[in-house]
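Below is one structure; the comments refer to it alone.
The values are calculated or read from the model by the stated rules, or taken from the named source; none is laboratory data. Quick caveat: nothing in here was measured; it's all calculated off a predicted structure. Positions of Cβ are backbone-derived with ideal geometry, glycine not excepted, and every protein chain shown enters the neighbour counts. The accessibility values were calculated without ligands, DNA or RNA, using every heavy atom of the protein model including side chains. Shrake-Rupley method; radii C 1.70, N 1.55, O 1.52, S 1.80 Å.
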Amino acid sequence: MRYRPIGTDPADPRLGRFVPDDWQHLERYPLTALAAKERPVRTPVVIGVNWYREFDDPEPDRKSGEMFIAKGGSVTAVRGGHCVCLEPGGTPDTDDSYGFYNQGAEGACVGFGWSRCMTLFNGAEYAARWLWDAAKKRDEWAETNPGDENGTSVRAAAEVLKELGHVEWQDEYADDDWRRRESYVPEVKQGIRAFRWARTVDEVHAALGNRRADELGAVPLLNSWGEKYPHRVWLPDEVLDRLIREEGEIAVPTDR
């Protein structure tokens, strides 16, 4: 399925986030509809954004010692759309999660980004490909279905987590295909209570409550590309601002 901002299929099959056909979810459920004291804090944030060529190759920053993407703020070609989880302050993402959440060559990033979020909330591991399947059944596109390699939207997966919950991982699931995943039974308590949509960099930082992010003027991105990609990379705020304005979806969930 074509990625609308570039008019072609994604350049990398792992880039499986699609831009929704309408923006009613952002209009109906903005984060700003909540009073400041009611907004989630120290919460993971799940983003669906354009993925630029420069993001493929993180580079070390000599001053901070951290790995950055697009450190200078310059980006060139969009390769597709991607979904990742941003790491909040408090308990950091673990090495176990880093190794576990590897989407391989599939366009399952939405399922993996949201599942990483749920692990940060609850500590359990989740069946990310089940969520990918369920979101494709829910989204607005006839072309996306369980068993194909197409992606889906961040919104669709959020709606699944709110209404159905999620499926805790079991080792026996390791070799299951989409047909076997159809038999999985989600638990509502493993999902989210609500989701809201951030529209500014400041709102993202406030939700994350990550002191290191505030110090660096960047947000920590947890990718799902396995151990060949760094565990944690930093995206400068100026680039995040651009991604938000380029039809980005920035979900701020509330756990159950």
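Points worth noting:
- Residue within segment 85-93 that is modelled with pLDDT of 95 or more, of a type outside the set (Phe, Trp, Tyr), buried (at least 20 other Cβ atoms within 10 Å of the Cβ) and more than 19 Å from Arg196 (Cβ to Cβ) present: no
- Within the option set Pro5, Pro13, Pro40, being in contact with a Leu (Cβ under 9 Å, 6 or more places away or on another chain) and either in a loop (DSSP other than H, G, I, E, B) or open to solvent by less than 30 Å² (accessible area, probe 1.4 Å) (or both) holds for one residue only, Pro40.
- Matching entry among Ala213, Ala206 (being out of contact with any strand residue (DSSP E or B) (no Cβ under 8 Å at 6 or more places or on another chain), among the aliphatic types (A, V, I, L, M) and part of a helix (DSSP H, G or I)): Ala206
- Residue within segment 207-222 that is open to solvent by 10 Å² or more (accessible area, probe 1.4 Å), closer than 25 Å to Arg14 by Cα and of a type outside the set (D, E, K, R) present: no
- Of all residues in segment 86-110, those that are within 16 Å of Trp130 (Cβ to Cβ), touching a Pro at 6+ places or on another chain (Cβ under 9 Å) and not charged (D, E, K, R) total 1.
- Scoring Val160 on the criteria (1) more than 16 Å from Cys85 (Cα to Cα); (2) part of a helix (DSSP H, G or I); (3) touching a helix residue (DSSP H, G or I) at 6+ places or on another chain (Cβ under 8 Å); (4) open to solvent by 20 Å² or more (accessible area, probe 1.4 Å) leaves a single failure, condition (4).
- Of all residues in segment 166-189, those being crowded, with 19+ Cβ neighbours inside 10 Å and either of a type in the set (D, E, K, R) or touching a strand residue (DSSP E or B) at 6+ places or on another chain (Cβ under 6 Å) (or both) number 3.
- Flag if Val201 is open to solvent by less than 40 Å² (accessible area, probe 1.4 Å) and at pLDDT 95 or above: yes
- Criterion (more than 17 Å from the chain's Cα centre (by Cα) and touching a residue at least 60 places away in the same chain (Cβ under 8 Å)) met by exactly one of Ala206, Ala198, Ala158: Ala206
- Residues that are among the β-branched types (Val, Ile, Thr) and either out of contact with any strand residue (DSSP E or B) (no Cβ under 9 Å at 6 or more places or on another chain) or in a loop (DSSP other than H, G, I, E, B) (or both) within segment 76-93 comprise Thr76, Thr91, listed in sequence order.
- Residues that are under 13 Å from Leu222 (Cα atoms), open to solvent by 50 Å² or more (accessible area, probe 1.4 Å) and in a strand (DSSP E or B) occur in segment 99-108; there is at least one.
- When Arg17 is tested against (1) within 21 Å of Lys162 (Cα to Cα); (2) free of Cβ contacts under 8 Å to residues at least 60 places away in the same chain, only condition (2) is not met.
- Search result, residues across segment 163-191 that are under 24 Å from Val252 (Cβ atoms) and in a helix (DSSP H, G or I): Glu163, Val188, Lys189, Gln190
- Residue list for segment 112-157, filter: assigned to a helix (DSSP H, G or I) and either more than 21 Å from Phe100 (Cα to Cα) or modelled with pLDDT under 95 (or both): Lys136, Lys137, Arg138, Arg155, Ala156
- In segment 209-256, the residue that is nearest to the chain's Cα centre (by Cα) out of those that are at positive phi and small (Gly, Ala, Ser) is Gly226.
- Checking segment 58-70 against the condition returns no match, with no residue being of a type in the set (A, V, I, L, M, F, W, C), at pLDDT below 95, within 26 Å of Thr200 (Cβ to Cβ) and assigned to a loop (DSSP other than H, G, I, E, B).
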